[in-house]
Amino acid sequence: MTAQIPEDRAHVVELLPAYVNGQLDAASASRVRAHLVSCATCQVELANWEAVKEAARQAFAATPLPSAQVMNQVWERIDAAEQASEVWSWPLLSRVQAAGSRLLMSGRERTALARNRQAWLHAPARALRRLWLVFRAQIPLIYKSIWIASALVCLFGLILTVSMAQRSAETKGTIADIMVLFIAVVGAVGGAFLYGSSVDPGFELTIATPTSARLVMLCRMVIVLGYNMLLALVASAVFAALYGGSLWGFVQLWLGPMIFLASLCLALSLFVGSTFALLCAIVIEVLQTFPQRFVSHLVNIPLPTLDLNATSPALLIAALLLLAFALFYIPRQPRLAS
Amino acid sequence: MEAFALQRVSWLTTEPVVDDAGLLKRIARGDRHALSELYARHQQALFAYLLQLTPDYGLAEELLQDTLVAVWKSARSFEGRSSVLTWLIGIARRQAHNTLRQRKIPLVDLTELECLPAPDLEPEASALAGVAREELAQAFRQLAPVYREVLLLTFVQELSYQETATALAIPVGTVKSRVSNARRALRALLDLKEDTKR
């Protein structure tokens, strides 16, 4: 419509709604004003848009206000949600906060300054509580068999080493290596079945919540690794009691390999699969245990010798790198949560 | 009443007036007074917007509560890329759409959209200038929610096309065409009324 009209005489129809709303920049607005002086068509259009604006304004003016209870109901909902998430784990703190909330509810005229201070004091506690809630919520979501499998593998290792010591004259070092093998495998089981859609019954639930998947995985890693370390510590105490020697010295034998294999299995399980990760860990651990003690003098297979059976800084750094890799590999916020 | 009480509080504490973005920062830190103040500032705009989407006063209040709870939870995510009102309307729109979808309440009357005159007709076909105010207001109330919301945001809240597009999560071009279509729909409703009179 405006194509044939010279630039300075072009109609400004398309600009008129924004002009009526005061949304045009100064230059465009003055161009519209100048054009309107001499253009009857655009004057009619302006009147039409002003009529639309008037209708919208009238409708807005006729809109009733919401009831005065809206904010009270909002606070009730916010309090209910916060108390529901806090009351179980932090009874004392939540009671204090509930009392604080009641004060806020009843005395909203109290100074805003005091409330600000309270909010500031609560902020770190809130973050900690949230972290604890996420941490605690993972326990029922972790693949149940991990708990039983780890305990059974550990128990089996202990029984095997005790029976080996009674039947044969194996040296204490050999028996310790076998025990370390079992303990390291326990760590590997934990890492391999920690997180992922194929083995994780709570995976769908996890990715449907807005909580960061990285945080969830880290919490699970701490829980499972902590549980496995506890099992290994108990087994080590029994071992040390039976054969004598320093408990800490024995712990040092498995601590590094356990953390390393758990991190390795976690990374591999995310990339390939849980079973593959576990098999890899077992192969690595067997390769580094058996060539030294048995295989080398039973059959002459040139197996590689890995030096995993000690808690070395390099091993711990490798474990940390693998864990960091796993953490960055999974998305921080899965798509389902958006 | 509540707005008055809030004004009294800020007078008593002689606090400097905080802008909307500052209020959101305080809400993110758990400051309840800040949420009350933000609500006092924008309650009419939010409620009027929600009432364009549903004529049910009770449901609109429920959606308003949903919006405020969502603001309390997600104040931290405000990045300042739009105005606070645009951000609030965006939240209200999402809450409303989710709830209305769950309850199977339609938002757009498609038959009304189909009845619109073609956009290439002469401007006279959507002339509204001489129409009586009361008639126009009545026609406005009968418009489809998608038209009422876009007219409310652009002509009453005076959001720019860009801000309206952000709030409604639609392209700017759609906002422009929707504004034009809304005007034609108003004219069509008035014509329909005249026809029924005859």
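For labels at A:Ala68 and A:Leu133 in the simple 7 Å Cα→Cβ model, what's the distance in nm?
Label at A:Ala68, label at A:Leu133, 3.2 nm between them.
Quick check: pseudo-label points 7 Å beyond the Cα along Cα→Cβ at A:Ser312 and A:Thr275, how many nm apart are they?
The answer from the label model is 3.4 nm.
Sort B:Tyr57, B:Tyr39 by heavy-atom solvent-accessible area, probe 1.4 angstrom, most to least.
Result of the area sort, largest leading: B:Tyr57, B:Tyr39.
For B:68-75, what's the mean count of beta carbons from other chains sitting within 10 Å of each residue's beta carbon?
Other-chain Cβ atoms within 10 Å of each residue's Cβ, averaged: 3.
Across peptide A:65-78, what mean number of C-beta atoms from other chains lies inside 10 Å of a residue's C-beta?
Going residue by residue through A:65-78 and averaging, the value is 6.
Within a Cβ distance under 13 Å of B:Ala70, other residues only, what is the Lys/Arg minus Asp/Glu net charge?
With Lys, Arg at +1 and Asp, Glu at -1, the net is +3.
The values are calculated or read from the model by the stated rules, or taken from the named source; none is laboratory data. What you see is a predicted model, and the numbers here were worked out from it, not measured in a lab. With ideal geometry, Cβ positions are generated from the backbone for all residues, glycine too; neighbour counts draw on all protein chains shown. Protein only, heavy atoms only, side chains kept; ligands, DNA and RNA dropped before computing areas. Shrake-Rupley method; radii C 1.70, N 1.55, O 1.52, S 1.80 Å.
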